Amino acid sequence: MLGKVIVSGVSLILVVGVIIGVVATVNHSNGSSGTESLSPQMKAVSALCQPTYYKDACTNTLSALNSTDPKELIKGSILAISASLKKSFNLTDDLLVKADNAGARDKTALNDCKELLQNASESLQDTLSKGG
């Protein structure tokens, strides 16, 4: 039980830290190089996605939102992450069903993975509910 609380707390701190960093980056980079010819919406998306590891995936996901408001873009990114977590959670369920012949360690690992995905999903939902 204490482990769940610690994992949830750390996950929430990391999500809040990322959001603060993204907002600071968006506010700081008013005219970053190469974005002069972009629409205001794409400038906001580009600024938000610039510090990420997967810039193309970020840009593709957020460009569909059609917004320049950093709050809306962050909310959209959290919803996209939440959808990916749900897919991963369902995949873990499928793997558990197929793991009838697997050893106890494999089943334990899958259950741990499922629990971590559930904790992350709950943390994201908490973040969305507190974000207004």
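Couple of notes before you dig in:
- For the stretch 56-65, 3J(HN,Hα) per residue [Karplus equation, 6.51 cos²θ - 1.76 cosθ + 1.60, θ = phi - 60°, Hz, x = Gly/Pro]: 5, 5, 4, 4, 4, 5, 7, 5, 6, 6
- Length gained when the stretch ARG105-LYS87 is fully extended (0.36 nm per residue, less Cα-Cα span): 4.2 nm
- Reach of LYS107 by Cα under 20 Å, taken over lysines that are not fewer than 8 positions away in the same chain: LYS4, LYS86, LYS87, LYS98
- In sequence order, calculated HN-Hα J values of the stretch 110-116 (Karplus, 6.51, -1.76, 1.60; Hz; x Gly/Pro): 5, 5, 4, 4, 4, 5, 5
- Here the scattering of the stretch 53-132 is modelled by Debye summation over its C-alpha atoms, one equal scatterer each and no solvent; at q = 0.12, 0.16, 0.26 Å⁻¹ the log10 of I(q)/I(0) is -0.47, -0.71, -1.16.
- Computed about its Cα centre, the charge dipole of the stretch 55-106 is approximately 120 debye, with only Lys, Arg, Asp and Glu carrying charge at their Cβ.
- Scattering from the stretch 44-96 was approximated by placing one identical point on each alpha carbon and applying the Debye formula without solvent; log10 I(q)/I(0) at 0.15, 0.16, 0.19 1/Å stands at -0.46, -0.50, -0.64.
Read-outs: derived from the displayed coordinates by stated rules, not from any lab. The model shown is predicted, which means the values in this text are computed figures rather than measured ones. Cβ coordinates were reconstructed from backbone atoms using ideal geometry, including for glycine residues, and neighbour counts include every protein chain displayed.
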